[in-house]
Structure formats: structure tokens, C-alpha cells
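Read-outs: derived from the displayed coordinates by stated rules, not from any lab. What you see is a predicted model, and the numbers here were worked out from it, not measured in a lab. For neighbour counting, all protein chains shown are included, and Cβ atoms are generated from backbone atoms with ideal geometry for every residue, glycine included.
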Amino acid sequence: MSLETEAASRWTQYQAKSVRLHEAQGFSDVVRLVAPLNKELGEELKEKYAKEVEHYEGDKVDVSKEAKNLEEERDLTVRQADRFDGGEGLLEIGLVICSIALLTKRKGFWFGGMLIGALGVALAASAFLLH
């Protein structure tokens with residue numbers, strides 16, 4: 001959940017940067033229209049807003065990459081959690097089958113429960129191999 005929240009926060013930041021970029025581009029357009037009236041001030045403002053546009057375009061790319069990385073990390077964590085949950089489920093089923101072996105005194109249930117429990121451990125351990 002934490003990674004999901006961080007990724008959503010980064011996408012919100014990306015949207016804010018996009019809005020600021022469009023505002024800076026709009027101001028830059030207005031300055032181009034007004035610049036001929038006062039050339040010195042016009043050139044100064046053109047330079048200022050050109051720098052802002054460049055800054056926000058670079059920031060958008062950085063924030064976008066960070067959000068995508070967080071989403072990839074979140075997806076990996078979800079896949080690992082699914083394997084851990086599946087492994088736990090198989091271990092519990094193996095435990096129940098081993099309990100049946102105690103009640104019925106049949107070795108088949110014991111070996112079956114141990115096999116299912118071992119599969120559960122293997123499934124849970126495979127979560128560490130995901131990338």
C-alpha cells in the first residue's frame with residue numbers, strides 16, 4: 001500500500017509539473033506578443049520563461065521515471081506476496097493432512113501432508129527468486 005501511495009503521489013506531482021509547464025508556456029507566448037513594446041524588458045522576460053519551460057520539462061521526465069520505478073517495485077511486491085500467501089496455504093493444508101494421519105494412523109496421510117507442506121515451502125521460497 002505504501003508503494004501504491006508513493007507512486008500515486010509522484011503521478012500527482014507529475015500532473016502539477018505539467019500544469020506549471022503549460023502556464024509557463026502561456027506566459028512565454030504572451031511575452032512574445034508584448035515584447036516589441038519594451039524590447040529590454042521583453043527579452044528579459046523571454047529568457048526567464050524559457051528557463052522555466054526547460055526546468056519543468058526536465059522535472060516532468062524525472063518525476064515520471066520515479067513514478068514508473070515505484071510502480072514496478074509495487075508490482076514485484078504484489079507478486080511476491082501472492083507466492084508467500086500460496087505457500088502459507090499449502091503449509092496449512094499439509095498440517096491438516098498430517099493431523100488426519102494422527103487420527104487415522106495411516107502413513108499415507110503423513111507422507112502426503114509432508115509433500116504438500118514441502119511444496120508450500122518451495123512456493124514461498126520461490127518468491128525470493130522473482131525480479
State to the nearest 20 debye the size of the charge dipole of the chain about its Cα centre, where the only charges are +1 on K and R beta carbons and -1 on D and E beta carbons. 800 debye
Counted charge near residue 114, where neighbours are those whose Cβ lies closer than 15 Å (Asp, Glu -1; Lys, Arg +1): +1
What label, among (1) -0.58, -0.68, -1.05, -1.09; (2) -0.28, -0.41, -1.34, -1.48; (3) -0.43, -0.60, -1.31, -1.34, belongs to log10 I(q)/I(0) by the Debye sum over Cα atoms at q = 0.10, 0.12, 0.21, 0.22 Å⁻¹ computed from the structure on display? (1)
How large is ³J(HN,Hα), in whole Hz, for each residue of the range 95-110 in order, when computed from phi with the Karplus curve 6.51 cos²θ - 1.76 cosθ + 1.60 and θ = phi - 60°, using x for Gly and Pro? 5, 5, 5, 5, 5, 4, 4, 5, 6, 8, 6, 10, 5, x, 5, 4
Counting only pairs 8 or more residues apart or on different chains, how many lysine pairs in the chain have their Cα atoms under 29 Å apart? 15
HN-Hα couplings for the range 125-131 via Karplus (6.51, -1.76, 1.60; θ = phi - 60°), in whole Hz with x for Gly/Pro, come out as 5, 5, 5, 6, 8, 6, 10
Between the modelled labels at residue 29 and residue 79 (7 Å from Cα along Cα→Cβ) the distance in nm is 4.4 nm
Put +1 on the Cβ of every Lys and Arg and -1 on every Asp and Glu Cβ in the chain; which of 12, 122, 104 then has its Cα farthest towards the positive end of the dipole? 104
Could you work out the mean projected area of the convex hull around the alpha carbons of the range 27-95, in square nanometres to one decimal? 5.7 nm²
In the range 12-104, if the dipole is taken from +1 on Lys/Arg beta carbons and -1 on Asp/Glu beta carbons about the Cα centre, which of 67, 90, 55 is farthest to the positive end? 55
